[in-house]
Every structure is written in C-alpha cells, then in structure tokens.
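Below is one structure; the comments refer to it alone.
The values are calculated or read from the model by the stated rules, or taken from the named source; none is laboratory data. These figures come from a predicted structure and were not determined experimentally. Cβ: placed from backbone, ideal geometry, glycine included. Neighbour counts: every protein chain shown. Please note that ligands, DNA and RNA were not included when accessible areas were found on the heavy atoms of the full protein model with its side chains. Shrake-Rupley method; radii C 1.70, N 1.55, O 1.52, S 1.80 Å.
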Amino acid sequence: MSDASLPPLNVADVQRSVNAELDRIGPVIDELGRRFAAAGHELALVGGPVRDAMLGRHHHDLDFTTSARPDATEKILKSWGDATWDMGRAFGTIGCRKGDYVVEVTTYRSETYDPSSRKPDVDFGDTLDGDLGRRDFTVNAMAVRIPGRVVEDPYGGVVDLAHRVLRTPGTPEDSFSDDPLRMMRAARFAAQLGFTVAPEVVAAMTAMAERITIISAERVRDELVKLVCAPYPRLGLTLLVDTGLAAHVLPELPALALERDEHHRHKDVYEHTLTVLEQAIELEDRLGGEPDFISRFAALMHDVGKPRTRRFVDDGTVTFHHHDVVGAKITRKRMKALRFSNDEIDAVAHLVELHLRFHGYGTGEWTDSAVRRYVRDAGDQLERLHVLTRADCTTRNKRKAERLRRTYDDLEERIARLSEEEELASIRPDLDGNQIMEILGIGPGRDVGQAYQHLLELRMDRGPLDERTARAELLAWWKARQEG
Ligand code: ATP
Ligand code: MG
C-alpha cells in the first residue's frame, strides 16, 4: 500500500505542520537569516526540509538557498556555525554544522538554461523564483524565507503535496532534457514519499527513457539505492519497469516478467520477486531494523538467473537448473556496471548463490556437518541468508508456507544448538595438566584430573581467569582438600 491511497491532505493542516517545524528549528535558523539579511542577502529554507515539514516529518539536514555568492556565504557561516566546509564552491554550496544540525547553503541557480550554450553548467541567479523553477518537482520547489517565514510556492507545490502527486514545475519534457536523472528521481521520490507520478510526467519518462543512458552510472546507482531503501520500493520499481527506464538501468528486472506458458506451469517471477522484497523488508528487524540495501537488493536479484535457465521438460514441468549460480554471475555483472563496491557485490552475489541451499534441508535430514557447512559458507551473510530464504516463500497455500517456516525455525535452532555446544566444547580451564602438576608438585594421576575438573568448573562459572588468580584458586582447592 502507498501513501497515495490515503485521502488528500488538507492545505490548512499542511500550513500548520510547516509552522510547527519552523517553531522547532526557529531558534537555530532565525539568527542565520538575520545575519544574511544584515549583509544584504536573501536566505530561504528550500527543498527536502520544506517538503518534509509539510508532511510532518522532521529534518536535521537543513538546505538553504541564497542570493549570496559562495564566498559571502562562507564568511557568514564561519561567523555562525561550529564548523564550516566547502561542499563544492563551483556549484555554489557551502556546508556547516550548528549543534545537531547540518546546514547546506547554495547560491541561487539562474532561471535560464540553454543546453546548447557554451557557458558553464552552473549559472548563479538572482531570484528565488528562478531558482525554484530549476528544481525537479513542484513539491521540492517550495521555500520559506528566513527570517520572516514567508512560504514561496510559485508552482503549486502545496496542492500537489496535498494530493500526493509528483509534477514538474515546467513541462516534464524540458525538465528531463535538462537532466535525465530526474526521471530516476521521480521513481525514487514515489518510493520514498508514497506519491503517484502525474500522468504527463509518466508519459514523458516513457517517451524519453533512453536518455538515461547519458547519465553516469554512479548517479543512477545513488538514486537506485535510495529507491530500494525507501518505504515503498514497489512503487518506484514498477514505475521504472512500466516506463522502460528499468530496461536501461536494471534490465534483469523487467526480464523476470516471463510470458506465462499456456498451462500456467510456473508463477510470474516478476511479481514473485516484488513480494519477496516486501517480505524481506518485513523481516528487517532481524538485521537491526534499518533499511538494509544488501538484503533488499539480494531479494530483488535472487531469481534473475531464471529467464536464462528456463527449460520446458517433456512431462509438462518447467525447470530452472542452476539459476542460483547463473543468477549470482548476472548480479555481479550488473552491480559492477552500476559501480557498486566489491564488498557490496560480493555480499549480494553470495546471497543469490546460496538462496536455494536450504531447500535440501526439509526432505532428507541434514547431518551436523551439513549444518556447519551452511553456516560456514554463509559466513558474515548468515543472518541475511535467513531473511532471504524465509522471504522467498510466496505460496498462497497457508499450510505449505507454515511447514516451510517451521522447517527453517528448526534449522535455526540447530545452528544455535551446534554453535553453543561447539563453543562449550572449545572451552578449556585456565591451567593445563602440566601446569597443575608443576604447581602442586605432583605426578600424573587422579588428583590431576580432579584439579583440572575443578578449574574447568571455575572457568565456566566465572569466565577466563588470569594466571595468578587461577594459581591461587588451585592452591586453595588443594589445601581445602587435604585438610578435609
Ligand atoms: P533527501 O536528501 O532526503 O534524499 P532531498 O529532497 O533533499 O531528499 P536531494 O537529492 O538532497 O533531495 O536534493 C535537494 C533538493 O535539490 C531537491 O529537493 C530538489 O529541489 C533539488 N534537486 C536535487 N537534484 C536535482 C536535480 N537533478 N534536478 C533538479 N533539482 C534537483
Ligand atoms: Mg537532501
């Protein structure tokens, strides 16, 4: 379910939410606004923090836009903030920290943009309206002047926000020609905010999807990661697939929509994949509760080997032999193309490769060594493998699903039992037999065994002891025994 299916927000409520947020952050930012004004510059809170304030969400990252040029901005921030840094002076952005807040101030961009001009990519501008017109979506093209708190909304962002819809300030065709990455951003914000994308924007994305290929892999990847880690990734992903953008940035996903053969002998792998992703998200508590990109992306990629390995067998069944191994290879290739780090690639590919391993467990009981091997092979991805394997069950047959769940519970219990036993088995007393004989001045015999047992009990009760304490304990035990 998405937020778009919720009733529209009331514009008065939206205004109340902004006011509440401004009251909260006012003590911090009003002073900054006064300093800019005193130096003869305009300052306005803009973009994400304004949009999110209207949705009743709080920010600690505060983005501002200003008429001041970067050098002037830097001077004011230095006099006000706890620490100041250069985020990219060429693009007009200076950053600073003030208490718990991270503040970024960017000089206005100009309203005119001529892609054929030889001018540098960034032209500084002089008006707030001009700056807002260059932004991606109307809900991101709102600002609040500081101090004074006047809301500037030249493109109807409040109304679009109330209807939970993403629309571009100008025509979507012009906007996406200026910067095709905005098409990815539409899908990302749909997934983050649970908004729908206006039909004319979807139409432009569909017509212009191919233009995404001029954008660097890194920028595409960053939007994809935000989309996948958002609360409603299904919304963003289906938009990428339906507009044809996915065919360029993640072609393995639309490829999962295999035509069903006439006998409906296998499930729609694409739909299955989106459900597995959502089920993996529901299990994220096990991974610390935060959105876990590796786990989510593994869910998304786990069956990408299926289209290539599909075989129709004479007896009417369909097989996907080795789709785990093939899928892991395809996953590596895609993540490499998207410039993910080697660690991220290894983790996701490893999970894809192991996602079927458990299915040998239910039928023939695994031996202890098979369980140990499962744990060892999963390595530091074990917890995510538990999540993926449990999520990878989308049968509507309740009893079948329940059986699978219990079988996996059983495997996890066995893993816990084995590792506990093995840890216990590896525990040794703090002194070995030779040390005991030397300290007590005795030769081999029953006494040594009993002393060893006593030290082992101590070790279990009290954890590791240093050698001096162990020695003292041993002598005390020996003395008590001889007296008793
Ligand atoms: P978050 O930082 O929480 O992911 P955000 O809305 O702050 O969300 P950013 O990517 O940080 O998003 O961008 C900040 C603002 O800058 C946006 O709200 C938008 O107004 C503008 N913006 C960023 N990238 C673009 C772009 N490619 N085209 C047009 N405007 C953009
Ligand atoms: Mg931001």
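For region 382-484, give me every one of the helices (runs of 4 or more DSSP H) that falls completely inside it and has 1 or more residues that are loosely packed, with under 11 Cβ neighbours inside 10 Å.
The helices (runs of 4 or more DSSP H) meeting that bar are 398-425, 433-440, 446-462, 467-483.
With the checklist (1) at negative phi; (2) without any contact (Cβ under 8 Å) to a residue 60 or more places away in the chain; (3) in a loop (DSSP other than H, G, I, E, B) in hand, flag the one item V325 doesn't pass.
It fails just one condition, (3).
Being under 33 Å from the mean Cα position of the chain (by Cα) and small (G, A, S) is the filter; apply it to region 64-106 and report the residue that is farthest from E152 (Cα to Cα).
A83
So which residues in region 289-325 are among the β-branched types (V, I, T), open to solvent by 40 Å² or more (accessible area, probe 1.4 Å) and at pLDDT below 90, if there are any at all?
Those that are among the β-branched types (V, I, T), open to solvent by 40 Å² or more (accessible area, probe 1.4 Å) and at pLDDT below 90: V313, T317.
From the list G56, G47, G33, exactly one residue is under 20 Å from V105 (Cβ atoms) and within 16 Å of ligand 1 (Cβ to nearest atom). Which is it?
On the way: G56 fails: under 20 Å from V105 (Cβ atoms); G33 fails: within 16 Å of ligand 1 (Cβ to nearest atom).
Sole residue among the options that is under 20 Å from V105 (Cβ atoms) and within 16 Å of ligand 1 (Cβ to nearest atom): G47.
Mind counting the residues in region 65-76 that are more than 11 Å from ligand 1 (Cβ to nearest atom), touching a residue at least 40 places away in the same chain (Cβ under 8 Å) and open to solvent by less than 10 Å² (accessible area, probe 1.4 Å)?
First, the residues of region 65-76 that are more than 11 Å from ligand 1 (Cβ to nearest atom): 66-76.
Retained after the next criterion (residues that are touching a residue at least 40 places away in the same chain (Cβ under 8 Å)): 66-67, 69, 76.
The next check asks that each one be open to solvent by less than 10 Å² (accessible area, probe 1.4 Å); those that pass are 66.
Number of matching residues: 1.
State whether one or more residues within region 218-228 are in contact (Cβ under 8 Å) with a residue 40 or more places away in the chain and surrounded by fewer than 16 Cβ atoms within 10 Å (Cβ to Cβ).
Yes, region 218-228 contains a residue that is in contact (Cβ under 8 Å) with a residue 40 or more places away in the chain and surrounded by fewer than 16 Cβ atoms within 10 Å (Cβ to Cβ).
Just name the residue that is farthest from R221 (Cα to Cα) out of those in region 135-165 that are hydrophobic (A, V, I, L, M, F, W, C) and within 16 Å of ligand 2 (Cβ to nearest atom).
Looking at the filtered set, the residue picked out is V144.
Does D61 meet the test of being farther than 15 Å from Y108 by Cβ and either open to solvent by less than 20 Å² (accessible area, probe 1.4 Å) or more than 11 Å from ligand 1 (Cβ to nearest atom) (or both)?
No: the conditions fail for D61.
Considering region 82-102 alone, what residues qualify as being within 16 Å of I25 (Cα to Cα) and open to solvent by less than 20 Å² (accessible area, probe 1.4 Å)? Full working, then the answer.
Quick first cut of region 82-102, residues within 16 Å of I25 (Cα to Cα) only: 96-102.
Matches in region 82-102: C96 only.
State yes or no: is E271 surrounded by fewer than 20 Cβ atoms within 10 Å (Cβ to Cβ) and either part of a loop (DSSP other than H, G, I, E, B) or under 20 Å from the mean Cα position of the chain (by Cα) (or both)?
Against the criterion (surrounded by fewer than 20 Cβ atoms within 10 Å (Cβ to Cβ) and either part of a loop (DSSP other than H, G, I, E, B) or under 20 Å from the mean Cα position of the chain (by Cα) (or both)), E271 does not qualify.
Filter the helices (runs of 4 or more DSSP H) completely within region 114-217 down to those with at least 2 residues that are within 11 Å of ligand 1 (Cβ to nearest atom) and farther than 21 Å from P231 by Cα.
On the way: elements: 128-133, 157-162, 172-178, 181-193, 199-208.
Hits in region 114-217: 128-133, 172-178.
Which residue pairs have Cβ atoms under 8 Å apart, sit 6 or more places apart or on different chains, and have a first residue in region 363-386 that is closer than 24 Å to L287 by Cβ and a second that is small (G, A, S) and surrounded by fewer than 18 Cβ atoms within 10 Å (Cβ to Cβ)?
The qualifying pairs are V375/S419.
Checking the structure you have, find out if any residue of region 29-51 is farther than 17 Å from R134 by Cβ, within 15 Å of ligand 2 (Cβ to nearest atom) and either free of Cβ contacts under 8 Å to residues at least 12 places away in the same chain or surrounded by fewer than 18 Cβ atoms within 10 Å (Cβ to Cβ) (or both).
No; the residues of region 29-51 include none that is farther than 17 Å from R134 by Cβ, within 15 Å of ligand 2 (Cβ to nearest atom) and either free of Cβ contacts under 8 Å to residues at least 12 places away in the same chain or surrounded by fewer than 18 Cβ atoms within 10 Å (Cβ to Cβ) (or both).
Go through (1) β-branched (V, I, T); (2) modelled with pLDDT of 90 or more; (3) farther than 30 Å from T273 by Cα and name the single condition I427 misses.
Condition not satisfied by I427: (2).
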